[in-house]
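The values are calculated or read from the model by the stated rules, or taken from the named source; none is laboratory data. These numbers were taken from a predicted model, which means no experiment stands behind them.
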């Protein structure tokens, strides 16, 4: 993945990835998600993007926003790039549906503060 030069760009791309996942899953329940591999792989790809970009966030930004689970987010890439075959669809669904909205809100706050 190309290295982006500023945290503002990185955070913006992270929020875009969250939005993509939301768009993929609009009006989708687990049964549909479980039955459509294209949806699962599209979500996994966006989670890998989020993980890669979180690894590139500077220590200063991480320090300024300690409520974000930076380490866990950074590990998304490794989890799905190397272990995607052992991550069940239920776990993937739980990661997305239980954590996505809260985490996206955190990144929207970061983006607003970085832009100031």
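Can you confirm whether residue 47 is under 10 Å from the mean Cα position of the chain (by Cα), modelled with pLDDT under 95, closer than 17 Å to residue 111 by Cα and assigned to a helix (DSSP H, G or I)? Judged against the criteria, residue 47 is not a match.
Only a single criterion out of (1) more than 17 Å from residue 104 (Cα to Cα); (2) part of a helix (DSSP H, G or I) is not satisfied by residue 27, namely (2).
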